[in-house]
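Peer 1: Next up is a structure, given as structure tokens.
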Amino acid sequence: MRELYRHRVSKAEIARRLHIGRTSVRRILRERIRSSTEFHKIWIEQCAATENIRERFGLKNALDYLIGEKLFTFVTASEQNPDFAAELPAFVTTIRRLFAPGEIRGYLDHLERTKYLAPPEPDLEIDDLDDETEEEPGLENPVLGAVELLRFSGIQQLLQP
């Protein structure tokens, strides 16, 4: 693996090989990222961690971690930082290697139903009926809700096979 670094093989190429599951590749990438200031390449370590999460905690937790948390955060960062934007295609490609198209589609459908298009849950506490100053967070700033929905739509398109 050190030979790959000496020959300037990109981290994206090494990440492509991660799906093989070689422990040494993961170890070297983790060491390389920890010693580097290239934070926009953190997705490589996150993808490696996802394999362990899937083995120990199951598919749903792995999808929540990598897509529901890390990819959404990375996409947000890529909107402001060109280094993150440049890494986004490689990150998405690696996600597609880690999960089958049906697994990704099912997870995104689940997010759409339960988070992005779900009706707001009614607040059944009687004490809140008299307190008109407290509003739902989405109602306070509908623009932020629209931005999140657009971001979700963009991620759906990125992850399509």
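The values are calculated or read from the model by the stated rules, or taken from the named source; none is laboratory data. Worth saying up front: this structure is predicted, and the values here are computed from it rather than measured. In this analysis, Cβ positions are derived from the backbone assuming ideal geometry, glycine residues included, and neighbour counts consider all displayed protein chains.
Peer 1: Restricting attention to segment 53-63, which residues are touching a helix residue (DSSP H, G or I) at 6+ places or on another chain (Cβ under 8 Å), under 14 Å from residue 103 (Cα atoms) and not basic (Lys, Arg)?
Peer 2: Result: 59, 61, 62, 63.
Peer 1: Can you work out which of the residues in segment 59-84 that are over 17 Å from residue 116 (Cα atoms) and aromatic (Phe, Trp, Tyr) is modelled with the lowest pLDDT?
Peer 2: 84
Peer 1: Filter segment 35-51 for residues that are among the charged types (D, E, K, R) and more than 17 Å from residue 97 (Cα to Cα); which is modelled with the lowest pLDDT?
Peer 2: 38
Peer 1: Hey, among 114, 50, 73, 94, which residue is under 18 Å from residue 160 (Cα atoms) and not hydrophobic (A, V, I, L, M, F, W, C)?
Peer 2: Matching residue, one of 114, 50, 73, 94: 94.
Peer 1: Could you tell me whether residue 123 is acidic (Asp, Glu), at pLDDT below 90 and touching a Leu at 6+ places or on another chain (Cβ under 9 Å)?
Peer 2: Taking the combined requirement at face value, the residue satisfies it.
Peer 1: Take the conditions at pLDDT 60 or above and surrounded by 14 or more Cβ atoms within 10 Å (Cβ to Cβ) and apply them to residue 31. Does it pass?
Peer 2: no
Peer 1: Can you name every residue in segment 37-61 that is more than 10 Å from the chain's Cα centre (by Cα), of a type outside the set (D, E, K, R) and part of a helix (DSSP H, G or I)?
Peer 2: 39, 40, 42, 44, 48, 49, 50, 52, 53, 57, 59, 61
Peer 1: Considering only residues of segment 93-104 that are surrounded by fewer than 19 Cβ atoms within 10 Å (Cβ to Cβ) and in contact (Cβ under 8 Å) with a residue 24 or more places away in the chain, which is farthest from residue 151 (Cα to Cα)?
Peer 2: Here the answer is 97.
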